[in-house]
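The values are calculated or read from the model by the stated rules, or taken from the named source; none is laboratory data. Predicted model only: the values in this text are computed from it and were never measured. Positions of Cβ are backbone-derived with ideal geometry, glycine not excepted, and every protein chain shown enters the neighbour counts. These accessible areas exclude ligands, DNA and RNA; they are computed on the full protein's heavy atoms, side chains included. Shrake-Rupley method; radii C 1.70, N 1.55, O 1.52, S 1.80 Å.
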Amino acid sequence: MIFSSIRHAVEDVFRPGALKVLGLGVGLSVGLLVLVTVLFTWVVGAITPDHFTLPFTHYQIGFVNDVASLATVGLMLVLSIFLMIPVASAFTGLFLEDVAALVEEAHYPDLPQIRKFTLAETIADSLRFLGVVIVANLVAFTVYFFILPFAPLLFFGLNGYLLGREYFQMAAARRLRKEQVQALYLKHRWTVWMTGALMAVVLTIPVVNLVVPVLGAATFTHLYHRLTGQVPRPRVLSSL
């Protein structure tokens, strides 16, 4: 069920009609990462002197500022692996509605109409989830140093739980009442967690991780319908 949902999602996000959503997702992800890198580099450059005098000598080392800036860019490229977790979290609500609608039109065409989320609801949910992810990962970072051999397991386990829970509940909330969403999640929480963990693994792969905000929305839309007994319609030649 998990891998079938992911396979269908991969097919969906690369359909012609969905490529504009994918392009927007990749563009926003890149833009946010570039913005964070530029700001961080600027801060490092502002507090780093242009030259450095060696202690007890008059010898000066120049270009300290340039070296620090280059090192900062390299560091941010490495950190982008971890930064993609909150990036994906921030864009979850923004993409889920459009992606879910595309998925349902292609695979589950006989479903009744739903009440769409307002922009305010979408932004509020995304910001709330982003805050939870940031706080949880900051706390986890303090633990990683004490359990280095098991740090990857904690990273994927924690973010798999957070991403899976949020993506799934947002997908389910489009068609179920709050108490129904919670009951369905509790019933299938291990399946949801494992799917989220796979999304977290993909988020650590440079370049590929840029498509995860959209891929995750499609995957969990399929997973929700599978868990509620819907079978996706066979793939047709027409695009989304």
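Before moving on, here are some points about what is shown:
- Between residue 119 and residue 38, the contour length at 0.36 nm per residue exceeds the Cα-Cα span by 26.3 nm.
- Computed extension length for residue 4-residue 154: 51.4 nm, one decimal, from 0.36 nm per residue of separation with the Cα-Cα distance subtracted.
- Among the chymotrypsin sites (Phe, Trp or Tyr not before Pro) within region 125-207, those in coil by DSSP and having at most 12 neighbouring Cβ atoms inside 10 Å are 145, 146.
- Whole-number accessible area per residue in Å² for region 179-229, which is evaluated in the context of all protein chains at 1.4 Å: 39 Å²
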